[in-house]
Every structure is written in structure tokens, then in C-alpha cells.
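Quick notes on the structure that follows.
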Amino acid sequence: MRVNDFSLKRLVLLALLTAINVVISRIFIIPMPLTHGNINLCDAIIYIVALLYGPMAGGIVGGLSGFLLDLLGGYGQFMLFSLVVHGLEGFFVGLVFKYWNLKNQLVKGAVAGAIGVFFMVGGYFITNTVLYTWAAGLASLFTNAIQGVVGVVIAIVLLPSFQNLMARYN
């Protein structure tokens, strides 16, 4: 499947990846009462999708996953913020990975992931500051950074396996 091909097949694939992300992220969840949020694996799957399918897919799956996770998790006040934050996160991870001319996939994936973590942590700092106080925004930095770094590590570890699967079935 071509990256720029927005066919029905691609739409179904992105919907399926979004659903898988939501289910996995709702199963593996650690509540964080201090920040009114939680730590989950949402970012790992966003990074995998962005690294495999590019910026548009990463942005779509990221934004919709974040939105739906907050809707289903009872965090309605975060839904629109998560749509933007995780959408930008996935978009920029995919953009850096796709267009940075570097042969080393590991380094390229790690740098793209670090940029995604920066967008996610910064976005939720702003979100928590707007919704609550700057202290809540500050308190969210650590837990969001942990979630993002864990997501990058998982994505980089699993990326070769997913690339092999794609090569076999495309």
C-alpha cells in the first residue's frame, strides 16, 4: 500500500489501527491522581504507525486515539486537547522519520520519537496549565515524559518486526 494512497483500504487500516491503539491503551493503564490523567501505551502505537505509514497516518491515528481514549476514560475536558496534542505528535514523528535523510533507522526513529515526546509533553503542560494551574502543568511533565520515552523504546524495539510483516504482506 502506498503511503499517499487514501483509498478505502487505507481508511479501514487507519480505523483499525486507531481501534487497536484505544483497546491496548485502555488495557495497560496506570492512573496518576496527581495530574488527573494516566500513563498508557498510546504513544508507542502512535509512533509505530507514524514510522511505518508516515505523517498523515501518524497524525490521524494519534489524534483520534487520544480523543477516543479521553472520551472512554471519562476525561472529557481533555478530548479536544488530546486530539491536537497526539495528532501533532504522530504527524511530526512521521514527518521527521520520512524526510530526514539518514540511513540509520534506529537513530532516525529515536530522534523522531524524541521530537514526538517533546510535542506531547509540551502540549500536555499547556493543557494542564489551561485546565487547572501551572503547578498541575508542571506536575504532568514527569509522568508524560515517562509515558513518551517508554513509547519510543517500545516503538523502536517493535519497528523491525512490523517492517518485516509489511514487507511480507504488501
* Pop the C-beta distance of Y132 and L80 into the FRET formula with R0 = 22 Å and round what comes out to the nearest 0.05. => 0.90
* Taking the chain, how much of its Cα-Cα pair set, in percent, is spaced more than 29 angstrom apart? -> 15
* For the stretch 63-170, which trypsin sites (Lys or Arg not before Pro) are both in a DSSP coil and crowded by at most 11 other Cβ atoms within 10 Å? -> K103
* State to the nearest 20 debye the size of the charge dipole of the stretch 8-168 about its Cα centre, where the only charges are +1 on K and R beta carbons and -1 on D and E beta carbons. => 520
* To do: Among A15, A50, A112, determine the one that fluctuates most according to a GNM of the chain built with springs between C-alpha atoms less than 10 Å apart.
  => A15
* If one computes the Cα centroid of the stretch 84-136 and of the stretch 35-69, what distance in Å separates the two points? -> 10
* To do: Would you mind getting me the FRET efficiency between I24 and L141? Use the beta-carbon distance for r and R0 = 25 Å, nearest 0.05.
  => 0.55
* Structure fact -> Subtracting the Cα-Cα distance of A15 and A167 from 0.36 nm times their residue separation yields 52.6 nm
* Asked: Where does each of 81-90, 134-143 land if you order them by average Cβ count within 10 Å, highest first?
  -> 81-90, 134-143
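Each value in this text was obtained by applying a stated rule to the coordinates, not by laboratory testing. For clarity, every value in this text was computed on a predicted model and none was experimentally measured. Cβ: placed from backbone, ideal geometry, glycine included. Neighbour counts: every protein chain shown.
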